[in-house]
Every structure is written in structure tokens, then in C-alpha cells.
Amino acid sequence: MAPRSTKSGSVTGSLPRHRIISGCLLVLTLSLAHALRAEDRIILAVDDSRRATLPGSVTPRIQSGTDLGPADPSLDLPYVTLVLKPSSSQQADLDQLLAQQQDPSSPNYHRWLTPEQYADRFGVSQSDIDKIVSWLSQHGLTLKSVARSRNAIAFGGAAGQIGSAFGVQIHRYNVGGELHYANSADPTIPVAFQGAVLAIRGLHDFRLKPRLRPSAHPRDNLQGAEQLAPDDIATIYNITPLYNAGIDGSGQKLAIVGQTDIFISDIEQFRRHFNLPVNDPTVILIPGSPDPGVQSNSGDLGEADLDLEFAGA
């Protein structure tokens, strides 16, 4: 034992001071790391015989269609997502942070998080992720991706495999003359996952309908029709004062989410028509998801062009 003496209530010893300080820093670092680590919530044994329902998972669009019966078990469902949820304490913390990030008087004003920082503070623990991924694998499903923020897991598989895993049948439907597939009832998950899983997405192939209504005239042949131009948008939304202040979007990027491939030539034609510099968008496919191709008949292409053209302008 190192010799020690007491004086004025303090304790001293032969251990060098820098060693004591280093030890304190180590304790502080470990405490912070523990505070930021998401807690495990899947603490029960994963038992497929004990199930919980994920309500609200049936699309209402099948109500207006004709049920054609179960789909072929080999039908591929390429991109299904388990949406994971924060705990009640994480949600309260998240709500507070979101308010602080928009409050100029807060030290957290505009202090954004990386996906990894979000995962450690508001996501599901890595251990819980591993348990869900292992369960999906046991049912023959293929992992596509785990969100960096640890709030979603994407996977794919055949209708029969997914039906077996989630206790649900995938049916074929005729809706308005179009053939679709969809789950006929709410899916279920093991009770052990109930505290971590919020919802499931991708059990049907119904898509959002574009709100764009095609014009009677092509863009380059207006024939007297009144159309919006980029400068009109700047006037309507009072953007010109920002331009005059030197704020023109330089160094910034926009992400436009769509459900169709595009023709880059459409964007280039628009920019030439309005004397805008060349600025081709970069098309990025969500990892693991199927390429949708160019969806022109549905109106998706026109909607995508409109969004990209005016956002870029």
C-alpha cells in the first residue's frame, strides 16, 4: 500500500498527480459513452409462437378492388422495410432537440446531428438490430440495408417467405383495371420486437399518384398559353431579395425524392430554354431497391421533371 498522510481534510499519496487526473478523464469519457449508447429493448426471447399485431398496415386501396386470391408464393417483394421506433424517453428527448434546433436562443440552434449521432441518441441499439436481422435471416429473407440512424431495416423475399415470417397472406387485386399485390390483413411480429418495431412498409405495390396534370401544349410550343418561368417563382416566393444579398444556393445540394427514372435531356432542354447554366442532376437509386425505369404513362416522369427543373432553377 502506498504511504499516505492527511492534512486539512485532504488525502495525499505517492501516486503522481497526472495519473489521478488521467483516471478522472477516463471515468468521464466512459460515462459519456454510456450515456450516448442506445439501450437494448429486445430483452425477451424471440418466440414466433407469441405474436403482436402491427395495426394499420393494410392499404385502403384494396377495398375498391376485386380480390383475386393468394399471390404466387414465389412472387418477389423486393424492398420491404421495418420501421423502428424510439423509446418514450428517446422521443421526448428528440422532440426537445427539434425545438431547440429552431430556437435562436438555444445552444443547440442549427446544431445538426450525423446519422450515427442520431443512432446513438435516438435509434435502436446495435444488439437489437442484430436480433431482428438474425430473425429475418432465419425466415430466408435477404437483408438489403440497415439505416445508419438505426431506425429502419430493409429486406426482401418471396411472398411465401414474407407471409410465413409475418403471419399474413399476400393477395392479388384488380383495382380500376390495374393488377396489384397487397397484404390482405395486418401482419404480426414476435412479441419480443414490440418495443422496437413501429410499422412495416412495402407489402404492396400501390404507388403514390402524381398530382401533375399534363398541359395541352408542349413546353417549347406554348402557342400563347401562360406558363410559369423560374423568375416567376422568384417573384411569387420573394426570393429576389436573397439573390440580391448574394444568397444563390452556391455550395448547397437538394435531394428530390421520386419514383421514376428521368431523361437528363429533359432537364438540359429546360435549362437551355431559360438561359440557365448546365447543371445535370445526379440520379441515385436507393441501395437494394429495384430500378423503377422511366414511368411516363403514370405521369411520374412529368412530375419528376417539374420538380427537378424548378428546384434546380
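Using 1/(1 + (r/R0)^6) with R0 = 41 angstrom and r between the beta carbons of Phe310 and Val133, what's the FRET efficiency to the nearest 0.05?
It comes to 0.50.
Calculate, in nm to one decimal, what Glu178 and Asp67 gain on full extension: separation in residues at 0.36 nm each, minus their alpha carbon distance.
Taking 0.36 nm per residue and subtracting the Cα distance, the gain is 38.8 nm.
For Ala199, list long-range residues whose amide hydrogen, built 1.01 Å from N in the peptide plane, is under 5 Å from its own amide hydrogen.
Val83
Taking 0.36 nm per residue of separation and subtracting the Cα-Cα distance, what length does fully extending Lys253 through Thr53 add?
Taking Lys253 through Thr53 to full extension adds about 68.0 nm, to one decimal.
According to a simple spin-label model (label point 7 Å from Cα along Cα-to-Cβ), what is the distance in nm between Ile43 and Leu143?
2.5
Ranked by accessible surface with a 1.4 Å probe, highest first, in what order do Glu303, Glu309 come?
Largest accessible area first, the list is Glu303, Glu309.
Obtain the nm distance between the two label points defined at Asn297 and Ile233 by a simple spin-label model: each point lies 7 Å from its Cα along the Cα-to-C-beta direction.
Spacing of the two 7 Å Cα→Cβ label points: 3.0 nm.
At a probe radius of 1.4 Å, what is the per-residue accessible area of Arg50, in Å² to the nearest 10?
120
Ordering Leu254, Leu203, Leu143 by how much accessible area each has at a 1.4 Å probe, largest first, what is the list?
Result of the area sort, largest leading: Leu254, Leu143, Leu203.
For His273, what accessible area in Å² do you get when you roll a 1.4 Å probe over the heavy atoms of the protein chains, rounding to the nearest 10?
90
Identify the residues of region 144-158 with backbone N under 13 Å of a label point that sits 7 angstrom from the Cα of Thr114 along the Cα-to-Cβ direction, or state none.
Residues 148-149 fall inside that zone.
Find the accessible area per residue for region 119-190; the probe is 1.4 Å, ligands and nucleic acids are left out, and the unit is Å².
Per residue, region 119-190 has 38 Å² of solvent-accessible surface.
How much accessible area does Val133 have with a 1.4 Å probe, in Å² rounded to the nearest 10?
Rounded to the nearest 10, that gives 40 Å².
Which aspartates and glutamates have a Cα lying under 17 Å from the Cα of Lys209, excluding residues fewer than 8 positions away in the same chain?
Answer for Lys209, where 17 Å is the Cα cut-off: Glu178, Asp261, Asp300, Glu303, Asp305, Asp307, listed by chain and number.
When Lys and Arg each count +1 and Asp and Glu each count -1, what net charge do the other residues less than 13 Å away from Asn183, Cβ to Cβ, add up to?
Value of the local net charge: 0.
The values are calculated or read from the model by the stated rules, or taken from the named source; none is laboratory data. On a predicted model such as this, the values are computed, not experimentally measured, just so you know. Quick reminder, even Gly has a Cβ in these numbers, built from the backbone with ideal geometry, and neighbours come from all protein chains shown. Quick note on the areas: whole protein, heavy atoms, side chains included, nothing else; ligands and nucleic acids left out. Shrake-Rupley method; radii C 1.70, N 1.55, O 1.52, S 1.80 Å.
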